[in-house]
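The values are calculated or read from the model by the stated rules, or taken from the named source; none is laboratory data. Remember, it's a predicted structure, so these values are computed and weren't measured experimentally. All Cβ positions, glycine included, derive from the backbone under ideal geometry; neighbour counts span all protein chains shown. Accessible surface is based on the protein model in full, side chains and every heavy atom, while ligands, DNA and RNA are left aside. Shrake-Rupley method; radii C 1.70, N 1.55, O 1.52, S 1.80 Å.
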Amino acid sequence: MPDIETERARGAQASAESSKREPSCEASERAAVIAEARAWLGTPYHHMGRVKGAGVDCATLLAEVYARAGVIPPVAIPYYPPDWHLHRDAERYLGFVLEHAQEIRGGAQADAPDNRSSRLSPEGSRAKSAWSGTSKSSGREPLCEAKPKPADIALWKFGRCFSHGAIVLDWPLVIHAYAGKGCVLEDASRARWLAQRGERSERSPRPVKFFRLMRWGAPALETDSSEATARAEYVGPRLHAERK
C-alpha cells in the first residue's frame, strides 16, 4: 500500500500539471472531489453506511464524495443486499454511475474485450461518429482515447456484474471502501484481488471500466441497449423508494 504522504505530494504535482491543461473550473472541481475523498480515509466499512468516520461502503462513498464536492446532486440509493452481485446480472451499480457519468477508455485493461461496450468497438458508424475526434473549441482529447484523470471513476467486475467502484487519484492509485478494510488508499495494480480474477492456474485480468462526469466533457451519446437497461434497473427502484 502506498504511503499517503508520498501520494499527497504526487497528487499535488498532478493537480498542478492538470490545471495547466484543463479549464480552471473543472480543475477546481476535481480537486474538491479528491480533497473530499481523502477526508473519508480511515472510515470503517459498513454496508450502506453514509457517515464520515463511522461507516461507508464502495457505492455510498462515491455518492457522498461527489455530492459533498458539489459536482452532483444528493443521490438516493435504494436498498441492496451485500451479495446482490453474486446472484443477479442486473447492472445496478453501473446504472447509478451512468446517471452522472459516461464511460471512457482508460489504459490497457480497459481495452480488454470484456471491458468494451458495443459502441467502443472500431466497427460501426455510431462508434466512429460519436467517439472519434474532439471539439476544436474545447481542445479536449478524444474521449475514446482519454486516460483516467484524478476524480474519474473506476468500476470493477465482481461476481456477475460491475459491482465495485473507486475514485481515481492518480491511476492506478485509488480511494475506495471494502469489507474488512474500510475506506483506504490503494494501488490497484498491486492489489491482486482488484487486478486479477480466478485461481492461480486460471488467472485473468479483472474487467475494469472508467467513467468521467458528464459535466467534465463527456459527450451526450445515443445510449446502447445494455446501458439503457442498466439505467432503467437503477432508476425504477430508486423512484419507488423515493415515493415511499
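Take segment 47-60 and flag every residue that is surrounded by fewer than 17 Cβ atoms within 10 Å (Cβ to Cβ) and touching a residue at least 24 places away in the same chain (Cβ under 8 Å).
Matches in segment 47-60: HIS47, MET48.
Pull out all pairs, ordered by first then second residue, where Cβ-Cβ is under 6 Å, the residues are six or more apart or on different chains, the first lies in segment 16-32 and is within 11 Å of PRO150 (Cβ to Cβ), and the second is surrounded by 14 or more Cβ atoms within 10 Å (Cβ to Cβ) and at pLDDT below 55.
ALA27/SER18; ALA27/SER19; ALA31/SER15
Could you list, in sequence order, all residues of segment 170-192 that are assigned to a strand (DSSP E or B) and either open to solvent by less than 10 Å² (accessible area, probe 1.4 Å) or out of contact with any Gly (no Cβ under 9 Å at 6 or more places or on another chain) (or both)?
First, the residues of segment 170-192 that are assigned to a strand (DSSP E or B): 170, 173-178, 182-187.
Within segment 170-192, LEU173, VAL174, ILE175, HIS176, ALA177, TYR178, GLY182, CYS183, LEU185, GLU186, ASP187 qualify.
Filter segment 149-169 down to the residues that are open to solvent by 20 Å² or more (accessible area, probe 1.4 Å) and closer than 20 Å to TYR93 by Cα and list them by number.
Restricting attention to segment 149-169, the residues satisfying the condition of being open to solvent by 20 Å² or more (accessible area, probe 1.4 Å) are 149-150, 157-160.
Of everything in segment 149-169, those that are open to solvent by 20 Å² or more (accessible area, probe 1.4 Å) and closer than 20 Å to TYR93 by Cα turn out to be LYS157, PHE158, GLY159, ARG160.
The rows are residues; the columns are (1) at pLDDT 85 or above; (2) open to solvent by less than 20 Å² (accessible area, probe 1.4 Å).
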{"position": "ALA35", "(1), (2)": "yes, no"}
{"position": "LEU41", "(1), (2)": "yes, no"}
{"position": "LEU62", "(1), (2)": "yes, yes"}
{"position": "ARG68", "(1), (2)": "yes, no"}
{"position": "TYR79", "(1), (2)": "yes, no"}
{"position": "HIS85", "(1), (2)": "no, no"}
{"position": "ARG88", "(1), (2)": "no, no"}
{"position": "TYR93", "(1), (2)": "yes, yes"}
{"position": "GLU99", "(1), (2)": "yes, no"}
